[in-house]
1. When the residues of region 126-173 are narrowed to those that are of a type in the set (F, W, Y) and under 26 Å from N109 (Cα atoms), which ends up nearest to the chain's Cα centre (by Cα)?
2. Would you call I105 closer than 30 Å to I269 by Cα and in a strand (DSSP E or B)?
3. From the set of residues in region 114-131 that are away from the ligand (no atom under 16 Å from the Cβ) and buried (at least 22 other Cβ atoms within 10 Å of the Cβ), which is farthest from A294 (Cα to Cα)?
4. What single numbered condition from (1) away from the ligand (no atom under 16 Å from the Cβ); (2) within 20 Å of I270 (Cα to Cα); (3) surrounded by fewer than 24 Cβ atoms within 10 Å (Cβ to Cβ) fails to hold for F174?
5. With respect to V65, determine if the residue is crowded, with 20+ Cβ neighbours inside 10 Å and within 16 Å of the ligand (Cβ to nearest atom).
6. Limited to region 179-216, what total is found for residues that are of a type in the set (D, E, K, R), in contact with a strand residue (DSSP E or B) (Cβ under 6 Å, 6 or more places away or on another chain) and over 27 Å from T256 (Cβ atoms)?
Amino acid sequence: PESKPADQDLLEFRKNHLGKSLSLSYKEPLKIVRGSGAFLMDDLGRKYLDTINNVAHVGHEHPDVVRAGQQQMAVLNTNTRYLHETINQYAEGLLETLPLELSVIHFVNSGSEANELALRMAKVYTGQKDIIASEAGYHGNTNLCVDISSYKFDGKGGQGKPEHTHIFPLPDTFRGKCRDENAAKHYAREVKKCLDFIKEKGRNPAAFIIEPIISCGGQIELPQGFLKAAYKDIRNAGALCISDEVQTGCGRMGSTFWGFQLHDVIPDIITMGKPLGNGHPLGAVACTQAVAEAFANGMEYFNTFGGNPVSCAIGLEVLKTVKRENLQDNALRTGTFLKAEFLNLAKDFPIIGDVRGQGLFLGIEFTDANLNPLPEHTEYLINRMKDFGILMSSDGPDHNVLKIKPPLVFNQNNAEELLFYLRKILNEDFMLSFKRK
Ligand code: PMP
């Protein structure tokens, strides 16, 4: 149906008085009023299956998480300058999921704040400021984060690469610079080239930052062996390795709790955000004792809201819920099923060029026979899926990768519903019209 008059007022006010670079999903924007499990509901009572929201990790408005927040909020909320049990319990809960080397937690309020702090730590630890990051990477909205996010500074409105940022090519084995069995070595050499360049300039690197699956880059899985080789060179140059786990963390990968664990490496710093608070603003940085000690150089780190009792009560309950409801297991089971079925769809629909990802963090790339990206087809599919009550999103430098990253309570029935409508829309004329030879 057409937007209702009330929605026109909402749109009009938003246009004039809310941030002008905010975006809205869909040609006909939705007004969402309720969430529950893997579903959202709009103001007309229509129900949508949510395959986008990796923040509502244990399900939208999970009652136990809501209750944990409400109860703590009714008792006390302060900053971290007083002793409190919950912050210790929550830090302990996170540390239990990490290797022993990563043994200190700093709490913050978002993924951007986590990466901002990680970068500051690396700068203090090394006394250097050159950072190496991936092409098409996104690490947050602060000055420093945008400065290392090629997704932003190479995109619309961007100012290009700053002097102290060094970008290596997207380690994409489907449409990237190297697509064969040498990919890990090839892309590790690209990282080494950045190190050599920094050295030629008479400087030393501070850090290397990357996501285990590059989400804004279009769900790009790092080739096996790449991270190990890159970490070795980075460490030989005296810099720190940062794993951005803002999207990949907390059980979503299925076979591992964190993304770096897929690659048999241990970072010096990992950053966490999105899923930790199930929608409540919560982020964290885990680092080694050595990094934490170097960072405590006399300047106090104060964060008004980071680590407050309400956030910690919520974070702790999210962790407990992931365990109690076996959600990592569900990510593995449902994700493996979905990926296999996407690969089956790819046999019937050549528009599907590639299927990739781990657990409930998957991507489907739409290309023609010459591997040209098909962003219009991707957008068409997303809008049609909405007509059938399924919310989906796309990403990648060419906007042609369908991202699947639902709440981890997404189950077999939800997966089957998604597959049914995907097949239906893939059969529509527009989706079948593209260059096949
Ligand atoms: N890192 C990654 C990989 C992200 O995807 C995002 C958010 N999309 C961030 C950092 C920034 O997190 P936030 O929006 O919570 O500041």
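1. Checked region 126-173; the qualifying residue nearest to the chain's Cα centre (by Cα) is Y138.
2. Yes: the conditions hold for I105.
3. Looking at the filtered set, the residue picked out is D130.
4. Among (1) away from the ligand (no atom under 16 Å from the Cβ); (2) within 20 Å of I270 (Cα to Cα); (3) surrounded by fewer than 24 Cβ atoms within 10 Å (Cβ to Cβ), F174 violates only (2).
5. Answer is no for this residue.
6. Of the residues in that region, 1 qualify.
Residue-wise test of (1) part of a helix (DSSP H, G or I); (2) modelled with pLDDT of 95 or more; (3) on the phi > 0 side of the Ramachandran plot; (4) surrounded by fewer than 23 Cβ atoms within 10 Å (Cβ to Cβ).
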residue: C250; (1), (2), (3), (4): no, yes, yes, no
residue: L262; (1), (2), (3), (4): yes, yes, no, yes
residue: L276; (1), (2), (3), (4): yes, yes, no, no
residue: A292; (1), (2), (3), (4): yes, yes, no, yes
residue: E300; (1), (2), (3), (4): no, yes, no, yes
residue: N303; (1), (2), (3), (4): no, yes, no, yes
residue: D329; (1), (2), (3), (4): yes, yes, no, yes
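Okay, residues lined up against (1) assigned to a helix (DSSP H, G or I); (2) more than 20 Å from E416 (Cα to Cα); (3) touching a helix residue (DSSP H, G or I) at 6+ places or on another chain (Cβ under 7 Å):
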position: S21; (1), (2), (3): no, yes, no
position: L30; (1), (2), (3): no, yes, no
position: V33; (1), (2), (3): no, yes, no
position: S36; (1), (2), (3): no, no, no
position: L44; (1), (2), (3): no, yes, no
position: L49; (1), (2), (3): no, no, yes
position: N54; (1), (2), (3): no, no, yes
position: D64; (1), (2), (3): yes, yes, yes
position: M73; (1), (2), (3): yes, yes, yes
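The values are calculated or read from the model by the stated rules, or taken from the named source; none is laboratory data. Model, not experiment: these values are computed from the prediction. Here Cβ is always computed from backbone atoms with ideal geometry, including for glycine, and neighbour counts include all displayed protein chains.
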